[in-house]
């Protein structure tokens, strides 16, 4: 049987550590504040925002909530971001995606001050990651690194393959594995002989957005498989990009969906908020 990497347990561990750290900051008179902006009432977004608020409450971070109507225009949203950028009492700003079609996501994300960009999406933070400078790191790939490290999985010297090249997961994931001295390949929809590439992987990170696409024939015996995908399948059941039942018997370790990577994203968002106190920009 493979080691099942328990994201719920590891995220709880991270949150407990943060709770302690936040309490110490409070003793020094430092309060950490996250501003969360949601435009419209997309049901999935409402769930995520609610989980972020609960996470803040648990670790002792103050959260400010801005719930704007669906018809909010870009200028109104930019004006709110400018106001929060200038507030001394706000450490982090998070704009929940997706945004309504009248708003350009890139313009909005670029407007958040890099020093308050706790999602790690601003080009300055992405650039800092590429050249090994301090900055905020995108929460999902950062969470994957924590899952590996806290599960005792060695990254240095390992053959790592990331399937997916998105700015939010694939590219920063590759940079973080490289930083941990992994040998990294990024595969994507145009990769020739994808199975041959993925079967070289000691650590396979899958972020392609296609339910159960990765089956046992993509995976080498004894690999560690990290599934970043999340989908609702038949009977409303959650599944990932990896066909868990087919792949698990071949693995040394694997993340389930749900309960693998998902809980880590919010844990690392909280981690970024807390680290904002000491990060030098």
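Of 257, 22, 206, the residue with the greatest mean-square motion in the GNM of the chain, using alpha carbon springs below 10 Å, is 22.
Angle, helix 170-179 long axis vs. longest principal axis of the chain, Cα atoms, 0 to 90°, nearest 10? Here the helix axis deviates by roughly 80 degrees.
D by Stokes-Einstein for the chain, Kirkwood Rh over Cα pairs, 4 °C, 1.567 mPa s: 66 µm²/s. Give the angle, between 0 and 90 degrees and rounded to the nearest 10, that separates the Cα long axis of helix 262-275 from the longest principal axis of the Cα atoms of the chain. Roughly 40 degrees, rounded to the nearest 10. Can you tell me the orientation of helix 7-27 relative to the chain, as the angle in degrees between its alpha-carbon axis and the longest Cα principal axis, to the nearest 10? Approximately 30 degrees, to the nearest 10. With the biggest extent put first, the Cα atoms of region 139-263 measure 42, 32, 29 Å across the principal axes.
What is the chain's relative contact order, in percent, from Cα pairs under 8 angstrom and six or more apart in sequence? Before the final figure, lay out each step's value.
Values: 555 pairs, mean separation 62.2, N = 281.
Computed over the chain, the figure is 22 percent.
The label point for residue 221 and the one for residue 166, both projected 7 Å from the Cα toward the Cβ, are 3.4 nm apart.
Under the simplified labelling scheme, the residue 67-residue 82 pair shows an inter-label distance of 2.7 nm, with each label point 7 Å from Cα along Cα→Cβ.
Which distance in Å, rounded to a whole number, links the C-alpha centroids of region 101-166 and region 1-79? When both Cα centres are located, 17 Å separates them.
Report, in deg cm²/dmol and to the nearest 500, the calculated mean residue ellipticity at 222 nm for the chain, where each DSSP H run with n ≥ 4 adds -39500 (n - 2.57) and the sum is divided by the residue count. Before the final figure, lay out the partial values.
On the way: 10 runs with 111 residues, N = 281.
Calculated mean residue ellipticity at 222 nm is -12000 deg cm²/dmol.
Using only alpha carbons, region 27-134 has a radius of gyration to Kirkwood radius ratio (Rg to Rh) of 0.97.
Considering only region 139-263, what is the antiparallel percent among its DSSP beta bridges, to the nearest 5? Provide the component values of the computation, followed by the final result.
Values: 2 of 19 bridges.
For region 139-263, the DSSP antiparallel bridge percentage is about 10.
Can you say what percent of the DSSP beta bridges in the chain, counting only those with both residues inside, are antiparallel? Round to 5.
Details: 2 of 32 bridges.
The antiparallel proportion sits near 5 percent.
Taking packing as the residue-averaged number of other Cβ atoms within 10 angstrom, the listed peptides 161-171, 91-101 run from highest to lowest as 161-171, 91-101.
Every number here is computed from the coordinates shown, using simple stated rules; none is lab data. Everything numeric here is computed off the predicted structure, so don't read it as measured data. Neighbour counts run over all protein chains shown; Cβ positions are idealised from the backbone, glycine included.
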